[in-house]
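Notes for the one structure printed next.
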Amino acid sequence: MRTRRELLQGLGGVTIALIVSGCDPAPDKGKEGTTVPGKKATEGGNGGKPIFAGIVMDVGGPDDKSFNAAANLGLTRAIAELNIDPKSKYLQSKSPADYKQNLTSFASQGASVIIAVGFAMAEALKEVAPQFPGVKFVIVDAEAPKLPNAASLHFKEEQGCFMAGYLAASMSKTKTIGFVGGVEIPLIKKFEAGYKAGAKTADPAVQVKVTYTGDWDALDKGKSQADQLFANGADIIFHAAGKAGLGVIRAAEAKGVGFYAIGVDQDQDAEAPGRVLTSMVKRVDVAVFDTIKAVQDGQFVAGERMYDITKGGVGLSEMKYTKKDVPVAVMAKLDKIKTMLGATPPTIVAPTTLAEFDTFVVPKID
């Protein structure tokens, strides 16, 4: 879950915007990638010119099968369905030192919109955005500067994590479940708090053991920490650790029947069919697509955009490989919880911090 992640899942949701003109060769810093070819660009908010969308990724890149990969899916879909400039691409940062250069490179090339994937780029974006008032800057999981050309995309991750925790506690045979986070930042603590609250709602006697890798990319750390949690009695582990979290899935796969991982950001169920109980899906792909479409339509709006459970912005995967193993009664409870989380006003308010979790009152699930 990176970049929000250090940072820091179809859908409705609010829209934001992006645009860009042409694109010269990518900068020296970082890795460049393109998606599938698209059709001829249609007329829209860029005066009929092809809309070019630039995405700046963190070091995890599009191969993290998580946060950055989801953003790339949104770009790929936009190229295929919206007929934007097929040269639209991403730049993968090699290190935090590349953030400013990659943002500036896209802007200098005449981009009309640039999406920064992850909170770690907040300071760089705040510095670059004022220098290019004609460019739309959008950041995921961080506050955007209060400028007419800047917007931010946020998600109520705690809602999906609450459901993941409820499912894990309901399915645990050992009454011990685990959580492996990446870097200890407020965003990931929100995942932890929601997960713990869901578990407590299912069964207050279930213990939730928590560990952090301190890293977003090291699969070996994710696996070793998951191995330790399994050795200490956990039989289900939820990860929110980006590429490092794939190690948690590898650990569950190695343990075999009776042990599960829970994926994050994208639907990771197919990473180890039958050993990934579900995934807490965060639809960064939809947010990116919505943003590009809004720019194409000339409907960019500055400020914050929130994606929650009501429009499918967050939630659980379809559990293609494991749904048959989940009791019907538990699935019914999950449906009820989803309704309660998305009610107006919500009848379940998932905590977003550990302090809120400490005062969380278990709701009655009818």
Given backbone amide H placed at 1.01 Å from N, residues whose amide H is under 5 Å from that of Thr278, ignoring those fewer than 5 places away on the same chain, are Gly263
With +1 at each Lys and Arg Cβ and -1 at each Asp and Glu Cβ, the charge dipole magnitude of the chain around its Cα centre, to the nearest 20 debye, comes out at 460
Pairs of alpha-carbon atoms within less than 8 angstrom and 6+ residues apart define the contacts here; what relative contact order does the range 195-279 have, in percent? 23
Tell me which of Thr174, Val328, Ala302 sits at the most positive position along the dipole axis of the chain, charges placed on C-beta atoms (Lys, Arg +1; Asp, Glu -1). Val328
Aspartates and glutamates near Lys364 by alpha-carbon distance under 19 Å, same-chain residues fewer than 8 away left out - which ones? Glu158, Asp203, Asp335, Glu356
So for the range 175-328, Kirkwood radius off the Cα pairs, Stokes-Einstein at 20 °C and 1.002 mPa s: how many µm² s⁻¹? 132
Which of Lys175/Lys196; Lys209/Lys333; Lys94/Lys243; Lys243/Lys293 have a Cα-Cα distance over 20 Å? Lys209/Lys333; Lys243/Lys293
Enumerate the calculated ³J(HN,Hα) couplings along the range 60-65 in order (Karplus 6.51 cos²θ - 1.76 cosθ + 1.60, θ = phi - 60°), each rounded to whole Hz, writing x wherever the residue is Gly or Pro. x, x, x, 9, 6, 6
Across the alpha-carbon set of the range 250-366, Rg over Rh with Rh taken as the Kirkwood radius works out to 1.04
Please compute the alpha carbon radius of gyration of the range 205-255, then divide it by the globular-protein estimate 2.2 N^0.38 Å. Two decimals is fine. 1.03
Binned Cα-Cα distances of the range 44-189, short to long, each 5 Å bin given as a whole percent: 2, 9, 16, 20, 18, 13, 8, 6, 4, 3, 1, 0, 0
Residues whose built amide H sits under 5 Å from the amide H of Val56, excluding neighbours closer than 5 in sequence, are Leu91, Ile115, Ala116, Val117
Karplus ³J(HN,Hα) for the range 240-256 (6.51 cos²θ - 1.76 cosθ + 1.60, θ = phi - 60°; Hz, whole; x = Gly/Pro) runs 9, 9, x, 4, 4, x, 5, x, 5, 5, 4, 5, 5, 5, 5, 5, x
Considering amide H positions built from the backbone, and no H for Pro or chain starts, which residues 5 or more places from Phe300, or on another chain, come under 5 Å of its amide H? none
Using the eigenvalues of the Cα gyration tensor, what equivalent ellipsoid semi-axes result for the chain when each is taken as the square root of five times the eigenvalue, whole Å, largest first? 36, 21, 18
Tell me what the chain gives for mean residue ellipticity at 222 nm when only DSSP H runs of n ≥ 4 count, each as -39,500 (n - 2.57), the sum divided by the residue total, rounded to 500 deg cm²/dmol. -10500 deg cm²/dmol
Quick one: if the Förster radius is 41 Å, what FRET efficiency do Gln228 and Asp297 give, using the C-beta to C-beta distance and rounding to 0.05? 0.25
Binned Cα-Cα distances of the range 244-300, short to long, each 10 Å bin given as a whole percent: 24, 35, 18, 15, 7, 0
Inter-site label distance for Ala332 and Gln207 at 7 Å from Cα along Cβ, in nm: 3.3
Evaluate the distance, in nm, between pseudo-label points positioned 7 Å from the Cα of Gln131 and of Val257 along their respective Cα→Cβ axes. 6.0
For the range 360-366, just list the computed ³J(HN,Hα) in residue order, Karplus coefficients 6.51, -1.76 and 1.60, θ = phi - 60°, integers in Hz, with x standing in for Gly and Pro. 5, 9, 4, x, 8, 9, 6
Only bridges with both residues in the chain count here: give the DSSP antiparallel percent, nearest 5. 15
For the range 97-181, what is the Kirkwood hydrodynamic radius in Å, using each pair of distinct C-alpha atoms? 14.9
At 4 °C in a medium of viscosity 1.567 mPa s, the range 163-226 has a Stokes-Einstein diffusion coefficient, with Rh taken as the Kirkwood radius over alpha carbon pairs, in µm² per second, of 107
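Read-outs: derived from the displayed coordinates by stated rules, not from any lab. Here the structure is a predicted model, which means the values were calculated and not measured. Note: ideal-geometry Cβ built from the backbone for every residue, glycine included; neighbour counts use all protein chains shown.
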